[in-house]
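**Student:** Below is a structure I'd like to ask you about.
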Amino acid sequence: MTFLWPGNLFLVLLVPLLVAAYVWAQRRRHRYALRYASLSLVREALGRGPGWRRHVPPALLLAALFFMLVATARPQTVVTVPVQEGTVILAIDVSGSMQAEDLRPSRMEAAKAAAKAFVEKQGPGVRIGIVAFTGDAQIVQTPTFDKDLVAAGIDRLRPQRATAIGRGILASLDAIFEGSEEVPPSVAALARLAGEPVPGATPQPLPQGVRDTSASIVLLSDGQNNQFPAPQQILDEAVNRGIRIYTVGVGSAEGTVLRIQGRTVRTRLDEATLKQIAEITDGQYFNASNAEDLRAVYENLTTQLVFRNEKTEVTALFTALAAILSVVAAALSLLWFQRIP
Amino acid sequence: MREYHEDREITAQFLLDVSPSVDFGTANALKRDLLIDFVAVLARLLTRQGNRVGAMLYGRGVERVIPARGGRMQVLRLIDDLERRPRLERAPETSLRELLATAITTVRRRSLLFVVSDFFSTPGWEPALTLLGRRHEVLAIRLTDPRERELPDIGMVVMNDAETGEHLWVDTSDARFRTRFAEVVRRRDAALAAAFARARVEALELSTEDDLVRTIVRYAAGRKVRNARRAAAGAVR
């Protein structure tokens, strides 16, 4: 737990002070006690007295005060916040190596199955789009709430040749911002890389710590980027828009020699780049070396996307707790002693 | 013509409980003031007819024994002694038995004994009173205060025992407590009356809210009636 105004925590020192004051007041009260001839009769009539109960309302009140004082320091805590709506782009590598059959029935088919399972699990408030990338990237399905359309989009994926992770990301960003007034992110990025003036206004970088969590990209790849632009060059586009990229790597970094339709192909998974992409955009990297892994990764992602841990100010909770405690203290006091402490 | 005066001098002893519980009073005076007034009135009355008066004072224990003597000076000395006694802050609970036992061993001649106390005491004094009552004429003077009968309704208070200093939190507004307290007071009145009756001792209650002289006069009148009745009953028998 952290505090926005930790200086105010010093106020909490008032609580022990008040406890001391309370004890002192009790003593004082004893000093000003009613002198009475003999308590023998009173004791007999008293039965069991208020005893410890008389300390309960003041104690509750003190606790309430404690929480109020802590609340003035504006406590923050990491809370799991469900993200009910947003946009998820599934960017899927459809390069030739995806035909490899080290995953059953093939990398392509396993990825499709996992992606479909992922789509099924998403809530109704999530728009899903499909982007396929090889030598170039294309939007297979613009983000939509219609899961059948998405599933059909996944089915349409066919293995192609090269691998352009950078373009995949840009196409995904385009898909997210499709229909907005903004210049498509890919146009802006390519213009910037070519050294040309960027048409339209560049989005201002978001302030530190603030993130738009409503959109994210899930990028699946099994190879190395071998096309312009390099993914590192265009990541700013995603970061500035507050979009996280979760990356899923299929295969291993050592590289495997695969037989694809009778030909021998050597592929290497560029794990470092995928990790970097995830890290820079505040996403996460997963590795899948078999079909179960892949499915697990997507399932894991489901919860990751739907719930996010966010730093939230919980002052309201503290104040509410303090209010409840005060009310309970007053109620008990009224109930037991017919007065408010 | 000769006039005969009955010239049988009486010795009267005041057994006085001046423990801290007697330093309490909420109406017109403290119970202790009442006690002093009572002693003054009775001692003056008795010495005027040439009787002798003495006293025993109980504070933390039997603290002072003033031998019986006659005369105005004796009365003044007695009152002065009582007035001068400092108010005790703390004391062990009063043990009336101790006071009564002292009287049993020290008062040898048949005397008139006034036991003046609020009768807030450790138990076990009744047999001693009975024993005293056999030998002497004993009058139990019970000092009371209206606040001992009924507590004011003032919510939560800390009450402090005048003798032991014990503190007790009391919710004087609690209806159940009030009824229980009234019941306890009633039981105590009944128990004291029964104890005096068993010891065959006459009892008189002096309250801080009543007028002392009027109470004594009323008592004397009642006593005359009771004696007459007793005599009549004896004649019938």
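**Student:** Which pairs have Cβ atoms under 9 Å, sit 6 or more apart or on different chains, and link a residue in the range B:200-223 that is over 16 Å from B:Asn28 (Cβ atoms) and in contact (Cβ under 8 Å) with a residue 12 or more places away in the chain to one that is part of a strand (DSSP E or B) and β-branched (Val, Ile, Thr)?
**Tutor:** B:Arg200/B:Val138; B:Val201/B:Val115; B:Val201/B:Val138; B:Glu202/B:Val138; B:Ala203/B:Ile141; B:Leu204/B:Ile141
**Student:** Does any residue in the range A:227-240 that is in the same structural domain as A:Pro184 (by TED's automatic domain parsing) come within less than 7 Å, Cβ to Cβ, of a residue that is loosely packed, with under 15 Cβ neighbours inside 10 Å six or more places away or on a different chain, and which pairs are these?
**Tutor:** Short answer, once both residue conditions are applied: A:Gln227/A:Gly135; A:Pro229/A:Leu193; A:Gln233/A:Leu193; A:Asn240/A:Pro205; A:Asn240/A:Leu206.
**Student:** Report every pair of residues separated by at least 6 positions or lying on different chains whose Cβ atoms are under 9 Å apart, first residue within the range A:267-283 and closer than 13 Å to A:Gln224 by Cβ, second outside any loop (DSSP other than H, G, I, E, B) and basic (Lys, Arg).
**Tutor:** Hits for this filter: zero, empty list.
**Student:** Looking at (1) assigned to a loop (DSSP other than H, G, I, E, B); (2) under 23 Å from B:Leu192 (Cα atoms); (3) open to solvent by 70 Å² or more (accessible area, probe 1.4 Å), which is the one condition that is false for B:Arg110?
**Tutor:** (2)
**Student:** Is there a residue in the range A:271-286 that is at pLDDT below 85, open to solvent by 50 Å² or more (accessible area, probe 1.4 Å) and touching an Asp or Glu at 6+ places or on another chain (Cβ under 8 Å)?
**Tutor:** No, that holds for no residue.
**Student:** Which of the residues that make up the range B:113-136 are more than 11 Å from chain A (Cβ to nearest Cβ), more than 18 Å from B:Asn51 (Cβ to Cβ) and assigned to a loop (DSSP other than H, G, I, E, B)?
**Tutor:** Of everything in the range B:113-136, those that are more than 11 Å from chain A (Cβ to nearest Cβ), more than 18 Å from B:Asn51 (Cβ to Cβ) and assigned to a loop (DSSP other than H, G, I, E, B) turn out to be B:Gly124, B:Trp125.
**Student:** What is the number of the single condition among (1) at pLDDT 75 or above; (2) out of contact with any helix residue (DSSP H, G or I) (no Cβ under 6 Å at 6 or more places or on another chain); (3) more than 25 Å from B:Arg178 (Cα to Cα) that A:Leu60 does not meet?
**Tutor:** (2)
**Student:** Looking at the range B:42-62, which of the residues that are surrounded by fewer than 19 Cβ atoms within 10 Å (Cβ to Cβ) and out of contact with any helix residue (DSSP H, G or I) (no Cβ under 7 Å at 6 or more places or on another chain) is farthest from the other protein chains (Cβ to nearest Cβ)?
**Tutor:** By that ranking, first place goes to B:Gly50.
**Student:** Which residue, of A:Arg158, A:Arg107, A:Arg127, is closer than 29 Å to A:Arg295 by Cβ and at pLDDT below 80?
**Tutor:** A:Arg158
**Student:** What helices (runs of 4 or more DSSP H) lie completely within the range B:137-237 and have 2 or more residues being at pLDDT 90 or above and open to solvent by 60 Å² or more (accessible area, probe 1.4 Å)?
**Tutor:** Correct list: B:175-198.
**Student:** Next question. Would the range B:84-91 turn up any residue that is under 18 Å from A:Leu39 (Cα atoms), buried (at least 17 other Cβ atoms within 10 Å of the Cβ) and facing another protein chain (nearest Cβ under 9 Å)?
**Tutor:** No, there is no match, as no residue in the range B:84-91 is under 18 Å from A:Leu39 (Cα atoms), buried (at least 17 other Cβ atoms within 10 Å of the Cβ) and facing another protein chain (nearest Cβ under 9 Å).
**Student:** Residues that are outside any loop (DSSP other than H, G, I, E, B), surrounded by 15 or more Cβ atoms within 10 Å (Cβ to Cβ), within 14 Å of another protein chain (Cβ to nearest Cβ) and at pLDDT 80 or above: does the range A:18-28 have at least one?
**Tutor:** Scanning the range A:18-28, I find no residue that is outside any loop (DSSP other than H, G, I, E, B), surrounded by 15 or more Cβ atoms within 10 Å (Cβ to Cβ), within 14 Å of another protein chain (Cβ to nearest Cβ) and at pLDDT 80 or above, so the answer is no.
The values are calculated or read from the model by the stated rules, or taken from the named source; none is laboratory data. Note that the coordinates shown come from a computational prediction; the quantities given were computed from them, not determined experimentally. Cβ coordinates were reconstructed from backbone atoms using ideal geometry, including for glycine residues, and neighbour counts include every protein chain displayed. Remember, those area values only see protein heavy atoms, side chains included, never the ligands or the DNA or RNA. Shrake-Rupley method; radii C 1.70, N 1.55, O 1.52, S 1.80 Å.
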